[in-house]
Amino acid sequence: MAEVSLHRVAKSYGSIEILRDIDLTVGDGEFVVFVGPSGCGKSTLLRTIAGLEDVSAGELRIGGRRVNELPPADRKIAMVFQSYALYPHMSVYKNMAFGLKFAKTDKAEVDRRVRQAAEILKLSALLHRKPRELSGGQRQRVAIGRAIVRNPSVFLFDEPLSNLDAALRVNTRLEIAKLHRDLGATMIYVTHDQVEAMTLASKIVVLNHGRIEQIGAPLELYRNPCNLFVAGFIGSPRMNFIKGQVRVVDGDRIAIGFAGAEAVVEIAHDGLEAGDEVTVGIRPEHMTDQGPDTIPLDGRIDAVERLGEASYIYMKLASGDDVIVRATGDVEAFPGEPFTAHLSRQALHAFDATGRSVRGHMRAS
Ligand code: ADP
Ligand code: MG
């Protein structure tokens with residue numbers, strides 16, 4: 001087991017900067033998820049930690065030791081990819097044993113480790129099979145088994161569930177979470193799927209254009225996104241954004257006008273003036289609260305999606321803003337009809353013109 005730390009790590013291909021200024025510590029035994037849109041640099045960052053890519057600048061440490069110059073095989077890491085990369089002509093057993101044999105591990109020890117990993121992953125009955133005789137989920141378990149037998153200090157996963165169908169994804173996700181609990185190993189996991197990030201991570205790193213936007217526990221990011229990007233990325237359906245304007249600044253509070261309504265926000269930093277443009281953020285699930293502390297906004301329904309346990313109402317507010325409201329499964333709502341959303345004041349966010357969150361916490365006004 002080991003801590004992984006990155007200090008001002010950067011990566012360029014020629015003149016193209018892929019990663020910039022990455023400062024990050026992954027604690028011993030922690031489960032950290034890198035999440036971000038496709039092309040933002042998640043795989044590159046993981047491959048850098050693995051040693052499959054050199055860093056262009058900065059320092060990388062594993063278990064307290066600088067590893068910038070260390071080849072992948074000496075870093076005590078194991079990586080699991082989206083494409084399982086199994087040897088098609090080898091049995092499950094041989095696929096799992098291959099890396100160890102290659103490293104000239106004692107035969108009895110190889111056998112012990114393969115059988116133990118197979119036990120953990122419920123593959124014991126399948127050891128003689130070839131990859132083509134396995135389901136996608138079983139193949140991915142073999143790929144994970146191949147990592148386990150190496151007894152690494154750090155597991156690296158790059159979108160390991162992306163090739164699985166929805167039901168298997170949920171299953172395998174739970175298995176990976178259990179694996180982490182059982183092994184207690186440091187794990188770094190890359191995904192573009194924010195549900196995977198929310199459910200697996202003890203700490204999420206949100207990446208965008210090769211930079212870290214925010215690091216935090218899943219609910220911390222959900223509750224207190226530091227900027228518009230994180231606010232829009234974490235949560236599904238994503239947070240609604242409505243144009244607003246600062247009306248009055250009064251010490252550490254500002255009154256914001258938006259969509260024909262007004263709310264007072266306790267601000268976390270100063271520099272805002274009356275007349276400044278802001279963006280008000282409100283999640284779909286916080287728009288049907290029927291309490292005294294809500295802001296009613298009228299509009300008309302464009303479409304309704306019924307998911308059973310919930311309905312997503314796509315509506316246009318009287319102000320012209322389009323928003324999504326998460327309502328109950330059986331809500332009386334139909335396209336073309338008027339609808340009134342009820343925004344929970346406590347759940348409002350506000351962002352300045354640069355996209356930075358200005359929210360302290362909300363107060364009723
Ligand atoms: P992600 O895994 O988040 O989808 P990647 O880390 O694979 O993103 O890629 C990040 C960026 O780096 C992309 O714009 C990609 O085109 C670029 N990139 C990746 N590998 C190379 C390479 N070998 N040479 C040049 N550019 C690369
Ligand atoms: Mg990738």
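Listed conditions (1) in contact with a strand residue (DSSP E or B) (Cβ under 8 Å, 6 or more places away or on another chain); (2) more than 12 Å from ligand 1 (Cβ to nearest atom); (3) at pLDDT below 95 are all met by ARG66, apart from (3). Of the residues ALA261, ALA255, ALA274, the single one that is modelled with pLDDT under 95, touching a Leu at 6+ places or on another chain (Cβ under 8 Å), over 23 Å from TYR222 (Cα atoms) and outside the structural domain of LEU219 (by TED's automatic domain parsing) is ALA261. Against the list (1) at pLDDT below 95; (2) assigned to a strand (DSSP E or B), the condition ALA2 fails is (2).
Just to check your reading of the model, which residue among GLY271, GLY291 is over 25 Å from ILE313 (Cα atoms), outside any strand (DSSP E or B) and open to solvent by 20 Å² or more (accessible area, probe 1.4 Å)?
Details: GLY291 fails: over 25 Å from ILE313 (Cα atoms).
The unique qualifying residue is GLY271.
I need the full set of residues from segment 274-288 which are among the charged types (D, E, K, R) and either touching a helix residue (DSSP H, G or I) at 6+ places or on another chain (Cβ under 7 Å) or part of a strand (DSSP E or B) (or both), in order please. Write out each step before concluding.
Taking segment 274-288 and keeping what is among the charged types (D, E, K, R), we get 276-277, 283, 285.
Matches in segment 274-288: GLU277, ARG283.
Might you let me know whether segment 48-57 holds any residue that is more than 16 Å from ligand 2 (Cβ to nearest atom), open to solvent by 30 Å² or more (accessible area, probe 1.4 Å), small (Gly, Ala, Ser) and in the same structural domain as VAL190 (by TED's automatic domain parsing)? Step through it out loud before you land on a result.
In the first step, residues of segment 48-57 are kept if they are more than 16 Å from ligand 2 (Cβ to nearest atom); the result is 51, 54-57.
Then keep just the ones that are open to solvent by 30 Å² or more (accessible area, probe 1.4 Å); that gives 54-57.
Filter again for small (Gly, Ala, Ser), leaving 56-57.
Going one step further and asking which of them are in the same structural domain as VAL190 (by TED's automatic domain parsing), we end up with 56-57.
For segment 48-57, residues more than 16 Å from ligand 2 (Cβ to nearest atom), open to solvent by 30 Å² or more (accessible area, probe 1.4 Å), small (Gly, Ala, Ser) and in the same structural domain as VAL190 (by TED's automatic domain parsing): present.
Could you please give the count of residues in segment 8-47 that are open to solvent by 30 Å² or more (accessible area, probe 1.4 Å) and over 21 Å from the mean Cα position of the chain (by Cα)?
Of segment 8-47, the ones open to solvent by 30 Å² or more (accessible area, probe 1.4 Å) are 8, 12-18, 20-21, 23, 25, 28, 30, 37-39, 43, 47.
Subsequent filtering for residues that are over 21 Å from the mean Cα position of the chain (by Cα) retains 8, 12-17.
Here the count works out to 7.
Checking the structure you have, find out if any residue of segment 234-252 is under 23 Å from LEU19 (Cβ atoms) and surrounded by 15 or more Cβ atoms within 10 Å (Cβ to Cβ). Scanning segment 234-252 turns up at least one residue that is under 23 Å from LEU19 (Cβ atoms) and surrounded by 15 or more Cβ atoms within 10 Å (Cβ to Cβ). Scanning segment 18-31 for residues that are on the phi < 0 side of the Ramachandran plot and more than 16 Å from ligand 2 (Cβ to nearest atom) yields ARG20, ASP23, LEU24, THR25, VAL26, GLY27, ASP28, GLU30, PHE31.
The values are calculated or read from the model by the stated rules, or taken from the named source; none is laboratory data. If you're wondering where the values come from, they're calculated on a predicted model, not measured in any experiment. Because the Cβ atoms are built from the backbone with ideal geometry, glycine has one as well, and the counts that use them run over all protein chains shown. Note: accessible area is taken over every heavy atom of the protein model, side chains too, but ligands, DNA and RNA are not part of it. Shrake-Rupley method; radii C 1.70, N 1.55, O 1.52, S 1.80 Å.
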